[in-house]
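Heads up, the thing below is written out as structure tokens.
The values are calculated or read from the model by the stated rules, or taken from the named source; none is laboratory data. Just so it is clear, the structure is predicted and the values come from calculations on it, not from any experiment. When we count neighbours, we look across all protein chains shown, and the Cβ atoms used for this are built from the backbone with ideal geometry, even at glycine. The protein model used for the area step is the full one, side chains on, heavy atoms only, and it has no ligands, DNA or RNA in it. Shrake-Rupley method; radii C 1.70, N 1.55, O 1.52, S 1.80 Å.
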Amino acid sequence: MATVGMSDIKKNVRLIVGEVPYKIVEFQHVKPGKGAAFVRMKMKSFLNGKTVEKTVHAGDKFEIPVIDFKTMQYLYDDGDMYQFMDNETYDQLGLPYDQCEDASKWFKDGINVDIVFFRNKAISVQAPETMELIITETPPNFKGDTSSGSKKPATLETGAVVQIPYHVLEGDLIKVNTVDCEYLEKIK
């Protein structure tokens, strides 16, 4: 079984801590004046998307999880679970709300998402990194709302809320980054 040690810690490295698979999102090597060096890291759980902090010392070893991704189509919300369909076999899979928490605000009928599998069990969902969505609600513009860099909130067709520039209006199609929940550009 492959392992990760203190010197292998980098952004996006995957590891298992207490039977839970994580991905490192931030890390900092610390060399104090007195004592041994250590690494402080923030990890995001594949199970529920929660971020936790952990300190790693020399000699600490972690198992590398075998994570599989399968592209499936989002079908609908049945009231208890989100339903997905395998694009190749047409098998249907239901995942509870808590396993889809981060990605669910981007669900739109027919969208392809990546289902994350750990030990042959579906554990979470990842929405596409970028999406083109229509703005369904945003405050109107007022004369003088032209200061560079200022933004206003906009609700998208999926229910997600992002900050957009003042020149973008209700009904416009925009491209968003679903990972950082950011406006990228207006689609012509």
> Of the residues that make up region 59-73, is at least one at pLDDT 90 or above, touching a helix residue (DSSP H, G or I) at 6+ places or on another chain (Cβ under 9 Å) and more than 17 Å from residue 19 (Cβ to Cβ)?
Replying inline: no
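So which of 162, 168, 176 is modelled with pLDDT of 85 or more, of a type outside the set (Asp, Glu) and in contact with a Pro (Cβ under 9 Å, 6 or more places away or on another chain)?
Details: 168 fails: in contact with a Pro (Cβ under 9 Å, 6 or more places away or on another chain); 176 fails: in contact with a Pro (Cβ under 9 Å, 6 or more places away or on another chain).
Only one candidate qualifies: 162.
Could you tell me whether residue 114 is modelled with pLDDT under 95 and in contact with a Lys or Arg (Cβ under 9 Å, 6 or more places away or on another chain)? Steps first, please.
Details: modelled with pLDDT under 95: yes; in contact with a Lys or Arg (Cβ under 9 Å, 6 or more places away or on another chain): yes.
Considered against the rule, which asks whether it is modelled with pLDDT under 95 and in contact with a Lys or Arg (Cβ under 9 Å, 6 or more places away or on another chain), residue 114 comes out as yes.
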> Here are some residues: 123, 174, 135, 187. Which one is surrounded by fewer than 14 Cβ atoms within 10 Å (Cβ to Cβ) and hydrophobic (A, V, I, L, M, F, W, C)?
Replying inline: 187
> Could you say whether any residue in region 106-120 is open to solvent by less than 70 Å² (accessible area, probe 1.4 Å), over 28 Å from residue 188 (Cα atoms), among the β-branched types (Val, Ile, Thr) and under 15 Å from the mean Cα position of the chain (by Cα)?
Replying inline: yes
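Can you tell me which of 129, 101 is surrounded by 13 or more Cβ atoms within 10 Å (Cβ to Cβ), closer than 19 Å to residue 160 by Cα and of a type outside the set (Ser, Thr, Tyr)? Show your work before the answer.
On the way: 129 fails: surrounded by 13 or more Cβ atoms within 10 Å (Cβ to Cβ).
Of 129, 101, the one residue that is surrounded by 13 or more Cβ atoms within 10 Å (Cβ to Cβ), closer than 19 Å to residue 160 by Cα and of a type outside the set (Ser, Thr, Tyr) is 101.
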